[in-house]
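Accompanying notes for the structure given below.
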Amino acid sequence: MSARHPIISITGSSGAGTTSVKRIFEQIFRREKIEAAFIEGDAFHRYDRQAMKDKVAAEEKLGNPYFTHFNAEANELEILEEVFEEYGRKGTGRTRTYVHDEEEAKQLGSPPGTFTDWREFPESRLLFYEGLHGCVVTDKVDLAKHADLKIGVVPVINLEWIQKIHRDRATRGYSTEDVMDVILRRMPDYTRFIVPQFSQTNINFQRVPIVDTSNPFIARWIPTPDESMLVIRFANPRGIDFAYLLSMIHNSFMSRANSIVVPGNKLDLAMQLILTPLILQLIERKNRVS
């Protein structure tokens, strides 16, 4: 953690909705005129697309059919920790971009499935990470200790699968069976590397559908925000003005002493109300020590 150069880390599985949460943070940064440097977790994959296919095939031959991007060994987490550590000390660091598709390839000048060159961060007041491993702790790395504000985005599992199925079919041309295979292959790494991070976070946002999602593989639509509730859990509720939040968010209620439940269509409002003061506290602390 660094008072002088704060780091915000958003962590969640593929299809969890971390990109949507990132947009809300970007709105806050624009409104409060806060310059942020950004890291996308995909930038720290260890392998490009073809090399990853080769690695998966090699692992299968060795009797391991479950090697995925969720695995710590499939990512350059030691380098990512070095970036976090450097930014916390000096406010500097580097990142790159993983090119997902042809549209990004045209913008970035690198083929799909490859990485751009490394580039230095622009001048910034904080660092923002969004990806799979922002709070991961293993016997080799401890990314959680470097982040000043850690957010988990955690839909209930069937909803997460529905979101992933619809996204991968729409943007990657996968069949439902293809996505099912990916989900099954990822499950061991999901439980080993993704789930434990949500015990490291300061706040978890978990969307819970209030419609039937018992068979996510035949769901025709993603449950809408109006068909969902949002459970917001604070690891340390001290200092959180729950009375204010309850008064500002219609139909919200507390389910536990550290948890508030709000309608799913109030995600943006809830995040703005909760996160804006926390971000401004980081900037105020930065200004004091600077």
Do we have Ile34 as over 19 Å from His133 (Cβ atoms), open to solvent by less than 10 Å² (accessible area, probe 1.4 Å) and in contact (Cβ under 8 Å) with a residue 60 or more places away in the chain here?
no
Does region 180-191 contain any residue that is crowded, with 21+ Cβ neighbours inside 10 Å and not β-branched (Val, Ile, Thr)?
yes
Evaluate the following for His69: is it at pLDDT below 95 and over 25 Å from Pro196 (Cα atoms)?
no
Out of (1) under 25 Å from Met229 (Cα atoms); (2) in contact with an Asp or Glu (Cβ under 9 Å, 6 or more places away or on another chain), the one Phe198 does not meet is (2)
The residue from Ile232, Ile194 that alone is in contact with a strand residue (DSSP E or B) (Cβ under 6 Å, 6 or more places away or on another chain) and open to solvent by less than 70 Å² (accessible area, probe 1.4 Å) is Ile232
Taking Lys150 as meeting all but one of (1) under 30 Å from Ala257 (Cβ atoms); (2) assigned to a helix (DSSP H, G or I); (3) at pLDDT 90 or above, write down the number of the exception.
(2)
Find the residue count for region 94-103, including only residues that are open to solvent by less than 60 Å² (accessible area, probe 1.4 Å) and either assigned to a helix (DSSP H, G or I) or among the polar types (S, T, N, Q) (or both).
2
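Results for (1) at pLDDT 95 or above; (2) part of a loop (DSSP other than H, G, I, E, B); (3) on the phi > 0 side of the Ramachandran plot; (4) buried (at least 18 other Cβ atoms within 10 Å of the Cβ), shown as yes or no for each residue.
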{"residue": "Pro65", "(1), (2), (3), (4)": "no, yes, no, no"}
{"residue": "Glu81", "(1), (2), (3), (4)": "yes, no, no, yes"}
{"residue": "Phe84", "(1), (2), (3), (4)": "yes, no, no, yes"}
{"residue": "Thr92", "(1), (2), (3), (4)": "yes, yes, no, no"}
{"residue": "Lys106", "(1), (2), (3), (4)": "no, no, no, no"}
{"residue": "Pro112", "(1), (2), (3), (4)": "no, yes, no, no"}
Answer with yes or no whether Asp139 is surrounded by fewer than 19 Cβ atoms within 10 Å (Cβ to Cβ) and either in contact with a strand residue (DSSP E or B) (Cβ under 6 Å, 6 or more places away or on another chain) or farther than 11 Å from Ile7 by Cβ (or both).
yes
Counting only residues that are in a loop (DSSP other than H, G, I, E, B), at pLDDT 90 or above and either out of contact with any strand residue (DSSP E or B) (no Cβ under 9 Å at 6 or more places or on another chain) or not aliphatic (A, V, I, L, M) (or both), how many does region 13-56 have?
5
Is there a residue in region 251-266 that is over 25 Å from Thr11 (Cβ atoms), open to solvent by less than 80 Å² (accessible area, probe 1.4 Å) and without any contact (Cβ under 8 Å) to a residue 24 or more places away in the chain?
no
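The values are calculated or read from the model by the stated rules, or taken from the named source; none is laboratory data. Not measured: the values here are computed from a predicted model. Methodologically, a virtual Cβ is constructed for each residue, glycine included, from the backbone with ideal geometry; neighbour enumeration extends over all protein chains shown. To get the accessible areas, we keep the full protein, side chains included, count just its heavy atoms, and leave off ligands, DNA and RNA. Shrake-Rupley method; radii C 1.70, N 1.55, O 1.52, S 1.80 Å.
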